[in-house]
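Read through the structure below, which is laid out as C-alpha cells, and then see the notes.
The values are calculated or read from the model by the stated rules, or taken from the named source; none is laboratory data. Keep in mind the model is a prediction, meaning the values are calculated, not measured. Cβ atoms come from the backbone with ideal geometry, glycine included; neighbour counts cover every protein chain shown. Surface areas here come from the heavy atoms of the whole protein model, side chains and all, with no ligands, DNA or RNA. Shrake-Rupley method; radii C 1.70, N 1.55, O 1.52, S 1.80 Å.
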Amino acid sequence: ACPRRSHEGGGGEAMRHYRRAVLLCSLLALLVILYVFNEIAEAEEEVPGPSPRVAGARGRGVDLPAAARPEPLNRHQVGTWSPAGTSKNSSWRMHLAVVACGQRLEETLTMLKSAVIFSQKPLHFHIFAEDELHAKFNSSLETWKTAFHQKFSHTIYPITFPAETAVVWKKLFKPCASQRLFLPLILKNVDSLLYVDTDILFLRPMDDIWAFLEDFNHTQIAGMAPEHEEPRIGWYNRFARHPYYGKTGINSGVMLMNMTRIRKKYFKCYGIFYIPKQSEE
C-alpha cells in the first residue's frame with residue numbers, strides 16, 4: 001500500500017508541473033501574438049499610399065515620362081487626410097472611365113459600386129460599352145443614385161474608333177481593348193481621368209490614387225505600373241510578339257492620366273500613328 005501511495009503522489013506532482021508548463025507556453029504564445037499585431041500596426045502607419053502606375057505607349061523607343069513618386073504620407077488614413085487639400089482643384093469631381101464589352105456587365109457594375117462606396121469626392125463615370133449594354137447600365141446606375149444620395153453621375157458612350165483605322169484597331173488586341181487609347185480625343189472636356197479595367201475592385205477611396213495627380217511634375221502625363229515585377233515570370237518578355245515598353249511591359253489596367261497634357265503634346269504622335277503602322281507592317 002505504501003509504494004502505491006508514493007507512486008500516486010509522484011504522479012500528482014508530475015501533473016502539476018505539466019499544467020504549469022502548459023500555462024507558461026500559453027502566456028508566451030499570447031505575448032508573441034500581441035507583439036506581432038503591434039509590429040503590423042506600426043508597419044501600416046509607415047507605409048505610403050499606393051504607387052502610381054506609369055502610362056506609356058506599347059513599343060520600344062517610345063520614351064514617355066514616368067509618374068513622380070509621392071512623399072511617404074499616411075494616405076490610407078482617409079479620415080484625417082484630405083487627398084487634395086492644398087490644391088486649387090480640390091473641388092473638382094473625379095472622373096473614372098471603363099470599357100465594357102461582351103459578358104462584362106455585372107463585373108463592371110461591381111467595380112463601379114466599390115468606387116462609389118469608398119470614395120469621398122463626387123464621381124463621374126464614363127462608360128464605354130456595346131450598344132446592347134447601354135440600357136442595362138443606365139437602369140442599374142439610376143437605381144443607385146437614390147441609395148448613394150446622388151454621389152455620382154454617369155455618361156454612357158458607344159465603342160468608337162477613328163474611321164480611317166477602325167478595322168486595324170478592332171483587330172489589334174482583344175475586342176474593345178484599344179478603346180482606352182482614344183479617351184483623350186473623345187473626352188475633350190475632361191482634364192484628368194482614371195481608367196480601370198472591369199476586373200478592378202476598389203478597397204480604399206479613389207481619392208487616394210487621384211491625389212497622385214498633384215505629384216506629377218510639369219513633364220509627366222500619366223501614372224501606371226509595370227506589368228510584372230519579376231522578369232522570369234513576366235508575360236510580355238516571355239510571350240509577346242509585338243513591341244512592349246521596358247523590361248516587362250506596362251500594365252494598362254489602371255491608368256491615371258492628365259488628359260490635357262496628353263492631348264497637347266503626346267497623343268497625336270504616339271497614340272494614333274504608332275500602333276496602326278506597326279500592325280500593318
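Numerical summary
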{"quantity": "Boolean, ASN237 is more than 10 Å from the chain's Cα centre (by Cα), surrounded by fewer than 19 Cβ atoms within 10 Å (Cβ to Cβ), at negative phi and not in a helix (DSSP H, G or I)", "calculated": "no"}
{"quantity": "Residue in segment 215-230 that is within 29 Å of LYS265 (Cα to Cα), in a helix (DSSP H, G or I) and of a type outside the set (Lys, Arg) present", "calculated": "yes"}
{"quantity": "Hits in segment 142-171 - residues which are of a type in the set (Gly, Ala, Ser), closer than 28 Å to LYS121 by Cα and open to solvent by 60 Å² or more (accessible area, probe 1.4 Å)", "calculated": "ALA147"}
{"quantity": "Where GLU107 falls short, out of the listed (1) within 14 Å of ARG180 (Cβ to Cβ); (2) touching a residue at least 60 places away in the same chain (Cβ under 8 Å)", "calculated": "(1)"}
{"quantity": "All positions within segment 115-140 that are under 23 Å from ILE209 (Cα atoms), open to solvent by less than 50 Å² (accessible area, probe 1.4 Å) and either modelled with pLDDT under 95 or in contact with a helix residue (DSSP H, G or I) (Cβ under 9 Å, 6 or more places away or on another chain) (or both)", "calculated": "ALA115, VAL116, SER119, LYS121, LEU123, PHE125, HIS126, ILE127, PHE128"}
{"quantity": "Failed criterion for LYS188 (all others in (1) touching a helix residue (DSSP H, G or I) at 6+ places or on another chain (Cβ under 9 Å); (2) under 29 Å from VAL167 (Cβ atoms); (3) surrounded by 14 or more Cβ atoms within 10 Å (Cβ to Cβ) hold)", "calculated": "(3)"}
{"quantity": "Tally, over segment 208-233, of residues that are touching a residue at least 60 places away in the same chain (Cβ under 8 Å) and out of contact with any strand residue (DSSP E or B) (no Cβ under 7 Å at 6 or more places or on another chain)", "calculated": "7"}
